[in-house]
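Colleague: Pasting a structure below so you can have a look.
Each reported figure results from applying straightforward, stated rules to the coordinates on display, with no laboratory input. A quick note: this is a predicted structure, and the numbers were derived from the prediction, not measured. All Cβ positions, even for glycine, are placed from backbone atoms using ideal geometry, and neighbour counts span all protein chains on display.
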Amino acid sequence: MAQVTDWIKHLTTDVDAATEGVQVADIYPAVGMEWMWLTVAVVFWLWFHVSTGAGEAEEQQKLARKRPGANDYKKNIAEW
Amino acid sequence: MFVAPNRLFGVLLREEKNMTDGLGALMTIFTEFYYWITVVLMFLIHVGFCMYEVGASRYKHHQHTLMKNTMLIPLVTVTWFFFGWWIYWAFPTGPGLAPSIMNESAALITDESLFSATWYVPTSNLMAVNLGDHISGVFWAAFLLFSWTAASIVSGAIIERITTFAFGILAIAIGSVFWTIDAAWGWHFDGWMLKLLGYHDAYASGVIHAIAGGFALGVLAVLGPRIGKFSSSGEPRNIGPRNPWFVAIGLFLIYTGFWGFYAACNIPIFDLGPEYGLGDGVTFYTATSIYVTPTTLSGITFNFLMSLSGGLLAGYWVSKGDPFWTYSGGLAGIITASAGNDLYHPLQAMMIAAFGTWCAYKLHYYVERKFKIDDAVGAVAVHGYAGVVGLIICGFVLWGYPSSGYSVGSMWVGTDYAPINPLGMFIGAIIMFGVLGFLPGWILAKILHGAGKLRIPREVELAGLDYNIIEQARKDERAVG
């Protein structure tokens, strides 16, 4: 995974003429595997929407069935 | 005539040689730190919006209102990383409306051009820790904070009756899709609206505020008012703000964050000599607007404060000293003058701000009565109407100024840049508020409404979104007591 194992070696390795002897590039782990991380992130993002959307709807349906009045919350206000 | 930018962010984005030269490295690190600071300052805009919304909502909705606005942060951030930033760099040409000055093609900019969107796909090595790039991350983040602002503007208007799920979808739409399209069209130095229309919007009267206001109005038209907002005869009733102190502090924080917003719209230091082709050896370092046209941070500081003052004065006057509208007037004033605040005289900025605030206030109540639109925090007025008015005024006051430094031509040609003009700015205002704002908001809200996902059940709205939380807190209190 490690992209860099020796900073001196990394920073003094020529990659092209423009760098003038200094290696300046990506230093994060697992370079080249970005698509895998992206796929996992997108799946997580979609799951979040589905999961929280369903949870919210269920919670609100439960509360709607109880039919509290518009001022009923006032009797539950905590004083601490 | 094409004049390709030969340096622009090239000096910053492809900076390898710069970082081995002391002065070049200092310029790069200064620019990196400059944008980083703007991000920190703009974070206060979101803190302010959160406080403002909680202050404007009723006790029984407080926590859900706060969470709704809080959760737009991760939702917009993640999608801005996935595709929002890519859209900004890909869409300046329309596509198909005006050729890019980078590659002379009107297609999406996804080739190997210097500023191609291909560098900003989420798998690009420029979208990560990269010793060859000190700018992409902070510039990405500055734009992201604009995205949060756009979504947060919508959030305030629709409190107390929208589902968090629906708001999340809408926040992503305005924050990571529609505003970034308008930024590519009207804010990017290569945008087709600059070339065809002479569009100019230095501090985002249109590209953030008008579009977000229009989007909010489109959603509101489908969502409907809060229960009890209108009497059976259709007369509007006043609901809130419930906590004026939160509203006041929230708006002060938004003002504070706007300093960062203004700074983030500038390029802090730039050599216009070679950029404009002024001749061999000619250098002229200055701050520029996002259009790479010269301005100064000092000058826009005059204009920011004078437009804030013009808005506050007009808000206080027109609302007869109402605190909510006085504070909102300050914001509306800045927003109205923002389109041309890179060039206005401070007194022009002040008067333009005052006029825009007056228009926003009057239009808010006209639309509320006429169309039964319940905009809980006046967001459509303060951002949408003030933004539109600001764009139109800018077209007259800056009539004839170049919309870009690269080449100046005539309207509609599209291979060069039209000068700023009233017709182009009017059409630009329609595009921002109507085409990219109201229309997508209305269509998406219709889809969510059709799926039964837009509005919370009536019983929940009456009981309060926080009913269960409040009830549980009471049970906890009794158990502990």
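Colleague: Rank A:ALA70, A:ALA57, A:ALA41 by mean-square fluctuation in a GNM of chain A with C-alpha springs under 10 angstrom and give only the top-ranked residue.
Modeller: Highest fluctuation among the options: A:ALA70.
Colleague: Output the relative contact order of chain B, whole-number percent, from Cα pairs under 8 angstrom with separation of 6+ residues. It would help to have the intermediate numbers written out before the result.
Modeller: Numbers: 1009 pairs, mean separation 108.5, N = 481.
Once normalised by length, the contact order is 23 percent.
Colleague: Which residue, chosen from B:PHE302, B:ALA451, B:TYR285, occupies the Cα position most advanced towards the positive end of the dipole of the protein assembly as shown, where the dipole is computed from +1 (Lys, Arg) and -1 (Asp, Glu) charges on Cβ about the Cα centre?
Modeller: B:ALA451
Colleague: While we're here: Give the angle, between 0 and 90 degrees and rounded to the nearest 10, that separates the Cα long axis of helix B:62-79 from the longest principal axis of the Cα atoms of chain B.
Modeller: Between the helix axis and the principal axis of chain B, the angle is about 30 degrees.
Colleague: For the protein assembly as shown, what Kirkwood radius comes out of the mean inverse Cα-Cα distance, in Å?
Modeller: Values: mean 1/r = 0.0406 Å⁻¹.
One decimal place: 24.6 Å for the Kirkwood radius.
Colleague: Full extension from A:ASN71 to A:VAL43: what is 0.36 nm times the residue separation minus their Cα-Cα distance, to one decimal in nm? Don't skip to the end; give the middle numbers.
Modeller: Working: separation 28, 0.36 × 28 = 10.08 nm, distance 4.15 nm.
Using 0.36 nm per residue and subtracting the Cα-Cα distance, I get 5.9 nm.
Colleague: Rounded, prolate or oblate: which one fits chain B, using the alpha carbon gyration tensor with axes a ≥ b ≥ c (rounded when a/c is under 1.5, else prolate when a/b beats b/c, else oblate)? Provide the component values of the computation, followed by the final result.
Modeller: Numbers: a/c = 1.83, a/b = 1.57, b/c = 1.16.
Since a/c reaches 1.5 and a/b is larger than b/c, the shape of chain B is classed as prolate.
Colleague: Within a 10 angstrom radius of the beta carbon, how do A:ASP26, B:ASP190 rank from fewest other beta carbons to most? Present the calculation step by step, with values, prior to reporting the outcome.
Modeller: Working: A:ASP26 20, B:ASP190 25.
Starting with the residue having the fewest Cβ neighbours, the order is A:ASP26, B:ASP190.
Colleague: Provide the FRET efficiency to the nearest 0.05 for the B:THR301-B:SER407 pair, computing r from the beta carbons and using R0 = 25 Å. Don't skip to the answer; put the middle values down first.
Modeller: Working: r = 30 Å, r/R0 = 1.21.
Once rounded, the FRET efficiency stands at 0.25.
Colleague: Out of all DSSP beta bridges with both ends in chain B, state the antiparallel percent to the nearest 5. Before the final figure, lay out the partial values.
Modeller: On the way: 8 of 9 bridges.
Of all bridge pairs located within chain B, approximately 90 percent are antiparallel.
Colleague: Going by how many other Cβ atoms sit within 10 Å of their own, how do B:SER307, B:SER289, B:SER328 line up, fewest first? Could the numbers behind the result be given before it?
Modeller: Numbers: B:SER307 33, B:SER289 23, B:SER328 30.
Result, fewest neighbours first: B:SER289, B:SER328, B:SER307.
Colleague: Quote the charge dipole size of the protein assembly as shown about the Cα centre in Debye, to the nearest 20; the model charges only the Cβ of Lys and Arg (+1) and of Asp and Glu (-1).
Modeller: Details: 31 positive and 40 negative charges, 628 e Å.
Its charge dipole is roughly 3020 debye.
Colleague: Another one. Quick check on segment B:77-212: take the gyration tensor over C-alpha atoms, sort the square-rooted eigenvalues as a ≥ b ≥ c, and tell me if it's rounded (a/c under 1.5), prolate or oblate.
Modeller: On the way: a/c = 2.10, a/b = 1.33, b/c = 1.58.
Oblate.
Colleague: May I pose another question? Determine which residues of segment B:82-124 fall in the zone a paramagnetic label at A:HIS10 would reach in this model, i.e. backbone nitrogen under 20 Å from the point 7 Å along Cα→Cβ.
Modeller: B:123-124
Colleague: Short version: ³J(HN,Hα) in whole Hz for each residue of segment B:299-312, in order, from phi by Karplus 6.51 cos²θ - 1.76 cosθ + 1.60 (θ = phi - 60°), x for Gly and Pro, what are they?
Modeller: x, 6, 5, 3, 5, 4, 6, 6, 6, 4, 5, x, x, 5
Colleague: Starting from the Cα-Cα distance between B:ILE37 and B:SER231, subtract it from 0.36 nm times their residue separation and give me the gain in nm to one decimal. Working shown, then result.
Modeller: Values: separation 194, 0.36 × 194 = 69.84 nm, distance 4.78 nm.
That works out to 65.1 nm of additional length.
Colleague: Other chains near B:123-132: what is the mean number of their Cβ atoms within 10 Å of each residue's Cβ?
Modeller: Values: counts 7, 2, 7, 1, 2, 5, 4, 5, 10, 9.
If you average over the peptide's residues, the count of other-chain Cβ atoms is 5.
Colleague: Same structure again: Would you mind counting up the charge near B:LEU313? Only other residues with Cβ under 15 Å from its Cβ, with Lys and Arg at +1 and Asp and Glu at -1. Mind showing how you got there, number by number?
Modeller: Numbers: positive: B:LYS320; negative: B:ASP322.
Computed value for this residue: 0.
Colleague: Can you give me the distance in nm between label points at B:ASP280 and B:THR256, each placed 7 Å from the Cα along the Cα-to-Cβ direction?
Modeller: 5.3
Colleague: Over all residues in B:70-78, what is the mean tally of Cβ atoms on other chains that come within 10 Å of each residue's Cβ? All intermediate terms of the calculation are to be shown ahead of the outcome.
Modeller: Details: counts 0, 2, 0, 0, 2, 3, 0, 0, 5.
If you average over the peptide's residues, the count of other-chain Cβ atoms is 1.
Colleague: I would also like to ask the following. If you take the beta carbon distance between B:ASP322 and B:ARG242 as r and set R0 to 22 Å, what does 1/(1 + (r/R0)^6) give as a FRET efficiency, to the nearest 0.05?
Modeller: Values: r = 15 Å, r/R0 = 0.69.
After rounding, the FRET efficiency stands at 0.90.
Colleague: A further question follows. For peptide B:452-462, how many partner chain Cβ atoms fall within 10 Å of a residue's Cβ, on average?
Modeller: Numbers: counts 1, 3, 0, 0, 5, 7, 2, 10, 9, 3, 7.
Whole-number average of other-chain Cβ neighbours for B:452-462 is 4.
Colleague: On a 0 to 90° scale, report how tilted helix B:323-337 is relative to the longest principal axis of chain B, with both axes built from alpha carbons and the result rounded to the nearest 10.
Modeller: The angle comes out at about 20 degrees.
Colleague: Decide, for segment B:369-481, between rounded, prolate and oblate: order the square roots of the alpha carbon gyration tensor eigenvalues as a ≥ b ≥ c, take rounded if a/c falls under 1.5, and otherwise choose prolate if a/b is larger than b/c, else oblate.
Modeller: Details: a/c = 3.48, a/b = 2.85, b/c = 1.22.
Prolate, because a/c is 1.5 or more and a/b exceeds b/c.
Colleague: Using a 10 Å cut-off around each Cβ, can you sort B:GLU104, A:GLU59, B:GLU53, A:GLU34 from fewest to most neighbouring Cβ atoms?
Modeller: B:GLU104, A:GLU59, A:GLU34, B:GLU53
Colleague: So, one more: Hey, got a sec? Which chymotrypsin sites (Phe, Trp or Tyr not before Pro) in segment B:273-332 land in a DSSP loop and have at most 14 other Cβ atoms within 10 Å?
Modeller: Working: sites: B:TYR276, B:PHE284, B:TYR285, B:TYR291, B:PHE302, B:PHE304, B:TYR316, B:TRP317, B:PHE324, B:TRP325, B:TYR327; in loops: B:PHE284, B:TYR291.
Hits after loop and neighbour filter: B:PHE284.
Colleague: Could you tell me which trypsin sites (Lys or Arg not before Pro) in segment B:289-377 are loop residues by DSSP with no more than 16 other beta carbons within 10 angstrom of their beta carbon? Write out the running numbers ahead of the final one.
Modeller: Working: sites: B:LYS320, B:LYS362, B:ARG369, B:LYS370, B:LYS372; in loops: B:LYS320, B:LYS372.
Passing sites in segment B:289-377 are B:LYS320, B:LYS372.
Colleague: Please compare each pair in B:LYS372/B:LYS446; A:LYS66/B:LYS475; A:LYS74/B:LYS68; A:LYS74/B:LYS453; B:LYS229/B:LYS372 to a cut-off of 20 Å on the Cα-Cα distance and tell me which ones are over it.
Modeller: Working: B:LYS372/B:LYS446 18 Å; A:LYS66/B:LYS475 17 Å; A:LYS74/B:LYS68 23 Å; A:LYS74/B:LYS453 28 Å; B:LYS229/B:LYS372 9 Å.
Pairs exceeding 20 Å: A:LYS74/B:LYS68; A:LYS74/B:LYS453.
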